[in-house]
DNA sequence: TATGAATGAGGGTTCATTCAT
DNA sequence: AATGAATGAACCCTCATTCAT
């Protein structure tokens, strides 16, 4: 007779995180239930508490997993020479958009935005762990490009955020607002538009 | 002897909506309680139900009030001639940013993003009422500018969204992420940056 | 310009009682709302409190109105001679059934049964006011018939209740259980059956 | 140290149903609270929801338990020969009355009557589950007795209902109206009276 | 006399968390 | 390690009643 359940201490956290992302995404932080997550993960409620301290901790762990995944996929951003700036940027933009639109990652964005204001531990994770990894990194890359005279001198933090904004808003409008079904756009067109606007905007024409 | 309470059928909805925005913003949709909103509005729980059908309806009404406020403040967007395009756009951008950063409006954004995926009535309001008012309008304005040859020909919907994205991400980063306190930026700098990038990006250089 | 409302101190109680019976009957005591009753009566909530002390008092007044109506309609029950006992009883039974099945009266029965156990004031009204008017009266009539040797000697109280039971159960099954629509019966058949069974059962065959 | 609580998944439903009947009976459907029922059952509110979908479902389950109990106690009703009809019927009537007057069963009747008109699910249970078990069965038995010439030919459905009515009204008057304390009657007298009236009434004298 | 805005207590239900098994 | 029965706090909503107008 096969046992009713098997020990899988190695696999459990991953199963639970995957189920949690799915459930949190489908129903929101408050709307998702531990029961529902457990069922989706193929375990029972109590089991989750063996691996995570509680619902909030599970939520943050769920988002962290996506941030980590994105960071690992992220190529080292570097802007080198004016010559191939356009092609290089276009390629980068398309790849980055593709990453961002990875279903699991895109789903995490609105969850993050929806809760960060009401979950101190989440804000802490963002401010201390995640933000530095991204916008700071991008700002630094831009600054070096400005120093090299490749792009015009602008506030690097603001510029980085502008660039991130262009990407982010597409994730939000496409995934969050489900505009996909209303006004669908091709990924290549988006990348092309963003890149063109940004590059033309920041290119050093002097 | 002064009465225990006074009738204010005219003022009530506004009082409640203001309190609701404050509470929803502070604690999130699920975290806010009708009791708390009522207390903040200076009425009792039951009174809210005289004016709003329930928590969800109150939430949507709260957001609608901000959308309406923004729409009323919004100047008729018009892009006329290349000559003064830069100055005109810079002024417009600054004014628009100022509007968006109006505390009550900025607070509404993350609430909206956090719930739209799990509140069908809210999505309906957005898709049928609010979205057409903004991105469609902006896209139309851009299209006419393209037709006039003022700016380069790009997909007007994508371009409009890109532009909106630039603005939106600043609202989000400043208000949602409370980055204000971490990496403060001057409104004028933001407007200048956005405008420069966008205008340089879309100007018809032919 | 006609006034928004007119004073009708004479007509109000009757309007309210009629509306109350309708609403209580449709939704039950707890299910009916003062708001609903008021609306059905064409007045507003507050007005009801000008005429009735509260919901419970209104409920009892509603039932009392039906009891009074029935009592007024009720012919003086008298059983005279063996000769015309059958015809007389049959006629009486049919008339009584018809009275009982008067919509407003039939509606009151289940309301009464449903609440009497949980409403001390209602029980008091029943025990002290209403019951004596009916089963006591009937028992007395039966007792005199027994004394006259018209019907066999049986416990008059039990016999009276048995007779009342035959009628009551038809009201309940027809109106309460809405069996009408499932197994409809003609009033004459019911009266005939009850009368036959009862008369044959109680006739003094000695 | 003894545990704070013990698991009793087998016993819980029964405990809850017993407590529910008691509370519903004492305070009526609306008057009873889940909290009160839980306390009476020795559990907490939440536990009830592990076994019943909600208050209404609990209510219907409570009544169903009594109907089932009655049905199980009910002997196969059979009317065989004229010879011992009287004795047989008298015995049956007394036994049936005794069953009906079982405190838990008698308590269910007024609850049922009080709510059936305002609880669609309850009406469905009655019309589709419970009614067929009783009045239909009795009508069939009477019909066969008529066919056998044991009792006179009358509408079997009406006759069955008349008979049920005689019993029911005693339950109602004794338990519902708590007439017990006002005009107490001996069970045997009631059975004797009902049987006599009914049998004399329906006996085939031709 | 009539209105209806406002109150506020109360109850059904949900669900994160605990803990006996 | 895993289960799932049980807990209990919290919250939305209803509605009888009050009272300013």
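Chain B: which residue's Cβ hugs the B-to-A rotation axis most tightly, distance rounded to whole Å?
Whole-Å result, nearest residue of chain B to the axis: B:114, 1.
So if we plug the beta-carbon distance of residue B:104 and residue B:4 into 1/(1 + (r/R0)^6) with R0 = 30 Å, what FRET efficiency do we get, rounded to 0.05?
0.50
Please grab the % of Cα pairs in region B:125-166 that end up more than 11 Å from each other.
62 percent
Sort A:28-34, C:113-119, A:51-57 by the packing proxy (mean of other Cβ within 10 Å over each peptide's residues), most packed first.
C:113-119, A:28-34, A:51-57
Work out the mean other chain Cβ neighbour count within 10 Å for the residues of C:187-197 and drop it here as an integer.
Neighbouring Cβ atoms belonging to other protein chains average 4 per residue here.
Starting from the alpha-carbon convex hull of region D:30-162, give the projected area averaged over all orientations, in nm².
Orientation-averaged projected area of the Cα hull: 9.4 nm².
For peptide D:100-112, what's the mean number of Cβ atoms from other chains within 10 Å of each residue's Cβ?
That works out to 1 on average.
Rounded to the nearest Å, what's the spacing between the alpha carbon centres of region C:92-143 and region B:15-42? Just the number, please.
So the two Cα centres are separated by 52 Å.
How would D:70, D:17 line up from fewest to most surrounding beta-carbon atoms within 10 angstrom?
Starting with the residue having the fewest Cβ neighbours, the order is D:70, D:17.
List, shortest first and in nm to one decimal, how far the label point of residue C:153 (7 Å from Cα along Cα→Cβ) is from its counterparts in the other copies.
3.9, 11.7, 12.7
Between residue B:188 and residue A:49, what is the label-point separation in nm under the 7 Å Cα-to-beta-carbon projection?
For residue A:49 paired with residue B:188, the spin-label model returns 5.8 nm.
If you rank A:189, A:155 by fewest surrounding Cβ atoms within 10 Å, what's the result?
Fewest to most other Cβ atoms nearby, the residues stand as A:189, A:155.
Can you give the FRET efficiency for residue D:153 and residue D:133, using 1/(1 + (r/R0)^6), R0 = 25 Å, r = Cβ-Cβ distance, to the nearest 0.05?
0.50
Please report, for residue B:91, the nm distances (one decimal) from its label point, 7 Å out from Cα along the beta-carbon direction, to the equivalent points in the remaining copies, shortest first.
Here the equivalent label points are 4.5, 10.1, 10.8 nm apart from this one.
Across 10 Å bins from the origin, how do the percents of Cα pairs in region D:9-52 run, short distances first?
Using 10 Å bins, I get a P(r) of 34, 58, 9 for region D:9-52.
Calculate the mean, over all residues of peptide A:115-124, of how many other protein chain Cβ atoms lie within 10 angstrom of the residue's Cβ.
Shielding by partners across A:115-124 averages 4.
Based on the Cβ-Cβ distance of residue C:140 and residue C:87, what FRET efficiency does E = 1/(1 + (r/R0)^6) give at R0 = 25 Å, to the nearest 0.05?
0.65
Read-outs: derived from the displayed coordinates by stated rules, not from any lab. Everything numeric here is computed off the predicted structure, so don't read it as measured data. Every residue, glycine as well, gets a Cβ built from its backbone with ideal geometry; the counts of neighbours run over all protein chains shown.
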